[in-house]
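Step one of this worksheet: look at the structure below.
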Amino acid sequence: MKTTLNKFKTLTFSILIILTVIGCNTKNKNKTAIKEQQKTASNNDLSAVLDSINLEINNGDYGLIDRFMVIQNDEILANYKYEQDYETIAKKYDTTNHQYNYNHPSWYPFYQQSELHTLQSITKSVTSILLGIALDLNNDYTIKTKAMLFFKDYNINFQDIRKNTITIEDLLTMRSGLKWNEDDYTDPKNDCVLLEASDEWIQYVLNKPTDTIPGTSFEYNSGASVLLGKITRVITGKRIDKWAEEKLFEPLGITDYYWKKTPNGEIDTEGGLYLKAVDLAKIGTLFLNKGKWNNKQIVSESWVTSSTSPIVDEIDPNKKSNVGYGYQWWIIQHTNGKSEIFAGIGYGGQCLLFAPEYNLSIVFNGWAINEKPKKETWKVMQDRIMPILKNK
């Protein structure tokens, strides 16, 4: 690489101190955009596209967006911050003060008016990293270990024979075989909604029967990610937030975070993590560097490779989609088993997108939850950035 990770860390930590802040006008009187920094890209076409995306964000094409960052070769090419008046926006919705009321401005999208932004299901991708570190350091377990072995203190219907065959890898790849409905978050029967309203999250998931053979069929299931958090705790002997502090956050210089807890004190590993945008970008750099940070291997290269490979090569064969899935990471585009774009994706427009061939990552934070935006953040790399990169 032309620059060092230390240079990237210095840049990100000093953004608010040394960068010139330039106001950007917008049609929405409740929104101003602050261009904190934009370095001129070596390719004028790429620079023009980044400017165009910023303009579209200001025009509201992507809904409510809070941050847009682009990093290539550890250098920040674009870093835009957009200010939204969420207190005013939320007034027309239910604003009951509860950590799972997504329209309460003290909880969403920023935690208590801080810089910590909800990641929603990018939390799943971080959970996968933490499980990978745990398995790297413990030879007693592998991805083929049966998952139910970790839940001996819970009530499990062992007459459901297929449930006993679920492996850690089945949970990681959303092929648990458990009957689960998470298609429409406005549906009161949505299992994720019911999970978040329950007092015993792990038991709620374990109570679900199987409806397919584990390891054979993709079904997006936030409950599987809850089980992975508990499995990580059993392997390490530490609650996953403490494990994260020790093995991931501290090495990357992430000193500030918030992670929601379930009613019985477990950590919400399906959507409860809040980080600053610059710290989420560090996780992107870690993965582009194959699990290394400052020449130290934080998570094994093999785990990074498996996590971001299309183990599930088509999540919906009926639509003939090229989108696949790895270990709690979406594989947006792949050819012949090679991932060209992969991502952590979360509700409301959260994205951590990668184009590994070009050593490029994108961070989006947003909160487009009540109105469907004209354009979706997770498609930016595929539709806007990659065509430019391929023509360089």
Quiz item: On the given criteria, is Asp136 surrounded by fewer than 20 Cβ atoms within 10 Å (Cβ to Cβ), in contact (Cβ under 8 Å) with a residue 40 or more places away in the chain, farther than 16 Å from Leu227 by Cβ and in contact with a Phe, Trp or Tyr (Cβ under 9 Å, 6 or more places away or on another chain)?
Solution: yes
Exercise. Give the residues of segment 112-122 that are in contact with a Phe, Trp or Tyr (Cβ under 8 Å, 6 or more places away or on another chain) and either over 20 Å from Trp367 (Cα atoms) or among the β-branched types (Val, Ile, Thr) (or both), sorted by residue number.
Key: Thr118
Quiz item: Of the residues that make up segment 258-271, is at least one crowded, with 19+ Cβ neighbours inside 10 Å, of a type in the set (A, V, I, L, M, F, W, C), out of contact with any strand residue (DSSP E or B) (no Cβ under 6 Å at 6 or more places or on another chain) and in contact (Cβ under 8 Å) with a residue 24 or more places away in the chain?
Solution: no
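Would you say Thr212 is surrounded by 15 or more Cβ atoms within 10 Å (Cβ to Cβ) and closer than 28 Å to Val299 by Cβ? Steps first, please.
Values: surrounded by 15 or more Cβ atoms within 10 Å (Cβ to Cβ): yes; closer than 28 Å to Val299 by Cβ: no.
Against the criterion (surrounded by 15 or more Cβ atoms within 10 Å (Cβ to Cβ) and closer than 28 Å to Val299 by Cβ), Thr212 does not qualify.
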Practice problem: List every residue pair whose Cβ atoms sit under 6 Å apart, with the two residues 6 or more apart in sequence or on different chains, where the first one lies in segment 221-249 and is more than 30 Å from Asn181 (Cα to Cα) and modelled with pLDDT of 95 or more and the second, anywhere, is part of a helix (DSSP H, G or I) and not hydrophobic (A, V, I, L, M, F, W, C). | Solution: Trp243/Thr236
Self-check item: Positions within segment 149-164 being crowded, with 17+ Cβ neighbours inside 10 Å and out of contact with any strand residue (DSSP E or B) (no Cβ under 6 Å at 6 or more places or on another chain), in sequence order
Solution: Phe150, Phe151
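Condition first: among the charged types (D, E, K, R) and within 17 Å of Ile345 (Cβ to Cβ). Now tell me which residues in segment 88-126 satisfy that.
Step one: list which residues in segment 88-126 are among the charged types (D, E, K, R), which gives 91-92, 94, 115, 124.
Selection gives Lys124 alone.
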Exercise. Might you check whether a residue that is surrounded by fewer than 17 Cβ atoms within 10 Å (Cβ to Cβ), touching a Gly at 6+ places or on another chain (Cβ under 8 Å) and in a loop (DSSP other than H, G, I, E, B) occurs anywhere in segment 345-367?
Key: no
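Anything in segment 321-356 that is in contact (Cβ under 8 Å) with a residue 24 or more places away in the chain and more than 27 Å from Thr186 (Cβ to Cβ)? List them, or say none.
Just the residues of segment 321-356 that are in contact (Cβ under 8 Å) with a residue 24 or more places away in the chain, to begin with: 325-330, 332-334, 337, 339-356.
If the condition is that a residue be in contact (Cβ under 8 Å) with a residue 24 or more places away in the chain and more than 27 Å from Thr186 (Cβ to Cβ), then Gly326, Tyr327, Gln333, His334, Gly337, Ser339, Glu340, Ile341, Phe342, Phe354, Ala355, Pro356 are the ones that fit.
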Quiz item: Just for segment 321-344: of the residues that are part of a loop (DSSP other than H, G, I, E, B) and surrounded by fewer than 20 Cβ atoms within 10 Å (Cβ to Cβ), which one is modelled with the lowest pLDDT?
Solution: Ser321
Quiz item: Just wondering, is there one or more residues in segment 276-298 that are touching a Gly at 6+ places or on another chain (Cβ under 8 Å), surrounded by fewer than 20 Cβ atoms within 10 Å (Cβ to Cβ) and at negative phi?
Solution: yes
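Taking helices (runs of 4 or more DSSP H) that do not extend beyond segment 213-320, which have at least 2 residues that are aliphatic (A, V, I, L, M) and closer than 29 Å to Val193 by Cβ?
Working: elements: 222-236, 240-244, 277-288, 301-307.
Filter on segment 213-320 gives 222-236, 240-244, 277-288.
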Quiz item: What number goes with the only condition from (1) over 22 Å from Glu75 (Cα atoms); (2) in contact with a helix residue (DSSP H, G or I) (Cβ under 7 Å, 6 or more places away or on another chain) that Leu252 does not pass?
Solution: (1)
Quiz item: If the Cβ limit is 8 Å and pairs must be 6+ apart or interchain, which residue in segment 63-79 that is without any contact (Cβ under 8 Å) to a residue 60 or more places away in the chain pairs with which residue that is of a type outside the set (A, V, I, L, M) and crowded, with 24+ Cβ neighbours inside 10 Å?
Solution: Ala78/Phe68
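Each row is one residue, and each column tells you yes or no for (1) in a loop (DSSP other than H, G, I, E, B); (2) among the basic types (Lys, Arg); (3) at pLDDT 95 or above.
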{"residue": "Tyr102", "(1), (2), (3)": "yes, no, yes"}
{"residue": "Pro105", "(1), (2), (3)": "yes, no, yes"}
{"residue": "Gln112", "(1), (2), (3)": "yes, no, yes"}
{"residue": "Lys124", "(1), (2), (3)": "no, yes, yes"}
{"residue": "Leu130", "(1), (2), (3)": "no, no, yes"}
{"residue": "Thr142", "(1), (2), (3)": "yes, no, yes"}
{"residue": "Met148", "(1), (2), (3)": "no, no, yes"}
{"residue": "Asn155", "(1), (2), (3)": "yes, no, no"}
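The values are calculated or read from the model by the stated rules, or taken from the named source; none is laboratory data. Given the structure is predicted, the values throughout are model-derived calculations rather than measurements. Ideal geometry is used to build each Cβ from the backbone, glycine not excepted, and the neighbour counts take in all protein chains shown.
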